[in-house]
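The values are calculated or read from the model by the stated rules, or taken from the named source; none is laboratory data. Fair warning: this is a prediction, and the values are worked out from it, not measured in the lab. Using ideal geometry, Cβ is built from the backbone for each residue, glycine included, and neighbour counts are taken over all protein chains shown. These area figures cover heavy atoms from the full protein model, side chains too; ligands, DNA and RNA do not enter into them. Shrake-Rupley method; radii C 1.70, N 1.55, O 1.52, S 1.80 Å.
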Amino acid sequence: MPAPKNPFKAAIRENRFQLGLWVALASPYAAEVVAGSGYDWLLIDGEHAPNDLPLLAAQYRAIAGRGSHPIVRLPVGDTALIKQVLDTGVQTLLIPMVDTVEQARQLVRAVRYPPHGIRGVGAALGRATNFGRITDYLQNANDEICLILQIESRAGLAAIDEIAALEGVDGLFIGPSDLAADMGHLGNPAHPEVRAAIVDGFARIEKAGKARGILTLDPVQAHDYRDLGADFLAIGTDVTLLVSATERLRREFLGEAEPGRTESGY
Ligand SMILES: O=C(O)C(=O)C[C@H](O)[C@@H](O)CO
């Protein structure tokens with residue numbers, strides 16, 4: 001049996017919308033709780049949550065096979081880290097802060113075995129091959145890897161056509177928070193200039209025939225992004241849901257008014 005089919009990669013290739021949620025509690029137990037909530041994909045955040053490789057792998061195992069496709073975001077697009085995480089069985093990666101086509105080209109090489117890339121061969125040891133029991137994993141591993149790159153700066157937007165055109169890049173995710181910061185609107189991803197940049201970015205990604213991804217914590221913005229053509233859209237995070245639900249429960253029991261919380265620009 002070769003490398004398992006990647007359902008998320010198939011779905012975005014077939015233009016089937018995928019609804020997702022951010023998982024940042026850095027807990028395999030919490031990840032397993034969320035895995036039953038019916039999302040098409042769950043993003044295990046190795047960039048902004050206190051996750052190391054073993055913890056990322058444990059959350060991946062907690063989610064895999066329970067209906068949601070686990071996607072891992074690494075803290076950085078590091079070739080060695082990519083090698084390690086793919087050996088754990090992860091098949092879909094989100095890589096942050098991609099600003100140039102050279103960076104993107106190197107990331108494509110990092111997720112592929114030779115001759116098409118430089119991924120080190122440790123298949124005999126890794127969970128990806130069921131510890132060597134899947135003897136023909138190498139034959140189709142490249143085909144089932146889904147590589148999503150984050151465009152979240154003015155430099156990334158300037159290079160988006162070249163990056164999106166690269167064979168081996170399956171989708172581009174626009175990071176509104178970091179893009180807003182780079183555009184001079186720190187904490188305000190809803191700024192009209194940021195939205196205009198997202199609209200333009202989505203159009204260029206679509207023109208290249210690749211999938212468009214984004215995240216928002218704002219329900220109105222979520223529908224706006226979907227209307228703008230988001231192919232894979234995250235509409236919340238486990239952390240912010242836990243904060244809001246626990247605070248709301250206490251207020252409601254005590255009959256306290258909803259505070260006038262200014263929307264976080266995250
Ligand atoms: O820039 C962004 O927005 C993202 O990449 C998503 C954030 O990193 C995520 O942590 C939510 O704030």
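Which helices (runs of 4 or more DSSP H) sit wholly inside the stretch 125-196 and have at least 1 residues that are in contact (Cβ under 8 Å) with a residue 60 or more places away in the chain and touching a His at 6+ places or on another chain (Cβ under 8 Å)?
Ranges flagged: 176-182.
Of all residues in the stretch 133-187, count the ones that are more than 30 Å from K5 (Cα to Cα), open to solvent by 30 Å² or more (accessible area, probe 1.4 Å) and in contact with a Pro (Cβ under 6 Å, 6 or more places away or on another chain).
Total satisfying the criteria: 1.
Go through the residues of the stretch 69-83 one by one and say whether even a single one is open to solvent by less than 10 Å² (accessible area, probe 1.4 Å), outside any loop (DSSP other than H, G, I, E, B), closer than 27 Å to D182 by Cβ and more than 16 Å from the ligand (Cβ to nearest atom).
yes
So how many residues does the stretch 40-68 have that are open to solvent by 50 Å² or more (accessible area, probe 1.4 Å) and on the phi < 0 side of the Ramachandran plot?
Adding up the residues that qualify gives 7.
Between a residue in the stretch 32-59 that is within 23 Å of G126 (Cα to Cα) and any residue that is acidic (D, E) and away from the ligand (no atom under 14 Å from the Cβ), which pairs come within a Cβ distance under 9 Å, given they are 6 or more apart or on different chains?
G46/D52; Q59/E32
With the checklist (1) under 18 Å from the mean Cα position of the chain (by Cα); (2) free of Cβ contacts under 8 Å to residues at least 40 places away in the same chain in hand, flag the one item F253 doesn't pass.
(1)
Can you find even one residue in the stretch 46-67 that is more than 19 Å from L215 (Cα to Cα), basic (K, R) and not in a helix (DSSP H, G or I)?
Yes.
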